[in-house]
1. Pull up segment 1-47, narrow it to residues that are among the hydroxyl-bearing types (Ser, Thr, Tyr) and out of contact with any Ser or Thr (no Cβ under 9 Å at 6 or more places or on another chain), then point me to the one that is modelled with the highest pLDDT.
2. Taking only segment 32-60 into account, find how many residues are surrounded by fewer than 10 Cβ atoms within 10 Å (Cβ to Cβ), free of Cβ contacts under 8 Å to residues at least 24 places away in the same chain and either assigned to a strand (DSSP E or B) or at negative phi (or both).
3. Could you list all residues from segment 8-29 that are more than 21 Å from the chain's Cα centre (by Cα) and either within 18 Å of Asp68 (Cβ to Cβ) or without any contact (Cβ under 8 Å) to a residue 24 or more places away in the chain (or both)?
4. So, in segment 1-28, of the ones that are touching a Phe, Trp or Tyr at 6+ places or on another chain (Cβ under 8 Å) and part of a helix (DSSP H, G or I), which residue ends up surrounded by the most Cβ atoms within 10 Å (Cβ to Cβ)?
Amino acid sequence: MKLSQCQKLIDAMIAECGRSMRSLRAPRHPKPYFVSYLVRDSRAISLGARYGSLYLDKNEHRRACYTDFRSIPTPMLFAFPFGD
């Protein structure tokens, strides 16, 4: 991946992280205090030859994004009524 492409990806991740911290909410849950993103970008090239002939020429590109959101649990989420 070229440096300019990396910078565009980093800028998009920073913008998304900021947007998530400002506006992400689940019903009856507090806003997150921590948001992180991890992007793994990998490329694999496989070549195979037999008897002087190329039989395998494979080029794979993969990109995966992992997220982690954390919020402080509220006491109401863990309050269970136990009858009268």
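The values are calculated or read from the model by the stated rules, or taken from the named source; none is laboratory data. Keep in mind the model is a prediction, meaning the values are calculated, not measured. Here the Cβ positions follow ideal geometry from the backbone for every residue, glycine too, while neighbour counts run over all protein chains shown.
1. Applying the filter and picking the extreme gives Ser46.
2. Looking only at that region, the number is 12.
3. Correct list: Pro27, His29.
4. Selected residue: Ser20.
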